[in-house]
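To start, the structure itself, in structure tokens.
The values are calculated or read from the model by the stated rules, or taken from the named source; none is laboratory data. Model, not experiment: these values are computed from the prediction. Every residue, glycine as well, gets a Cβ built from its backbone with ideal geometry; the counts of neighbours run over all protein chains shown. Protein only, heavy atoms only, side chains kept; ligands, DNA and RNA dropped before computing areas. Shrake-Rupley method; radii C 1.70, N 1.55, O 1.52, S 1.80 Å.
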Amino acid sequence: MPHIFCIANQKGGVGKTTTTVNLAAGLAQIGQRVLIVDLDPQGNATMGSGVDKRTLEHTVYDVLLEDVTIAEARRPSPKGGYDVLGANRELAGAEIELVNLERRDRRLKTAIEAAAADYDFVLIDCPPSLSLLTLNGLTCAHGVIVPMQCEYFALEGLTDLVNTVKQVHANLNRELQLIGLLRVMFDPRITLQQQVSDQLKSHFGDKVFNTVIPRNVRLAEAPSHGMPGVVFDRSSKGAQAFIEFAQELVERVRGGQVR
């Protein structure tokens, strides 16, 4: 089985999609076979990978309804070097349709198992709410990577997410664990961010990734060009940080710190 990680945070606007897309591109650049599963009806991870969500013949929606397989629905990211199981607005309707179906929270798990031999990593971009879509992601994942800004309200959202992970671990997926916290959009000149960063490290210890993603305009510009920041401007500080993060994640996996 590939290593399956949800990129999740119940607080919106914290850089989940930016993290998913750039981590995927960073992993691809160091020789890993990667699939992004876009579970957000907005389809930002799809578009940010250079795949036009409006022209998709099949999406993750069709996979969840078991009309097609991942192999039939996936599309290559033109410049990212990884595959994308895309999403668009159709996915919003999946919430209602899944409610009455059997194995409604395990459909993504079944689909990924069928494509397991093709990938080393599967990264799932989750919506900011705890929905049936997010639950499908958490039920099939080995762990959760939490991108977060070092701000006061982010700490409150983190508490909610940790409790969610514990509940899913206890009731649905015994393999699920909190893999680590990734500090994103970090500006060391802001005293509060430094203080929150220190709090995170003292409370979560080695669950906080060593890599820090700086606030970087080139990462923000990249989606409008339909490619990850790691590809758009590899020499930028943000891109270099994501490549470093990809290497750190692979090292943690190989060292047995992560499933």
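Only protein heavy atoms count here; on that basis, with a 1.4 Å probe, LYS79 has an accessible area of about 130 Å². The GluC sites (Glu not before Pro) of segment 1-91 meeting both criteria, a DSSP state outside H, G, I, E and B (loop) and at most 12 other C-beta atoms within 10 angstrom of the site's C-beta, are GLU57, GLU66.
Once the other residues with Cβ under 13 Å from the Cβ of VAL231 are scored (Lys, Arg +1; Asp, Glu -1), what is the net sum? Here the count lands on +1. Remark on segment 1-133: ratio of C-alpha radius of gyration to 2.2 N^0.38 Å is 0.96. The Cβ shell under 15 Å around LYS166 holds other residues with a net charge of 0, Lys and Arg each +1, Asp and Glu each -1.
Taking Lys and Arg as +1 and Asp and Glu as -1, the other residues whose beta-carbon sits under 15 Å from that of LEU27 total -2. List the lysines whose Cα lies under 19 Å from the Cα of LYS79, skipping any in the same chain that are fewer than 8 positions away. Answer for LYS79, where 19 Å is the Cα cut-off: LYS53, listed by chain and number. Rounded to the nearest Hz, the phi-derived 3J(HN,Hα) couplings of segment 248-257 under the Karplus curve 6.51 cos²θ - 1.76 cosθ + 1.60 (θ = phi - 60°) are 5, 5, 4, 5, 5, 5, 5, x, x, 6, where x marks glycine and proline.
Once both labels are positioned 7 Å from their Cα atoms along Cα-to-Cβ, the gap between HIS169 and ARG103 label points is 2.6 nm. Rounded to the nearest 500, the helix-only mean residue ellipticity at 222 nm of the chain stands at -12500 deg cm²/dmol, with each DSSP H run of n ≥ 4 adding -39,500 (n - 2.57).
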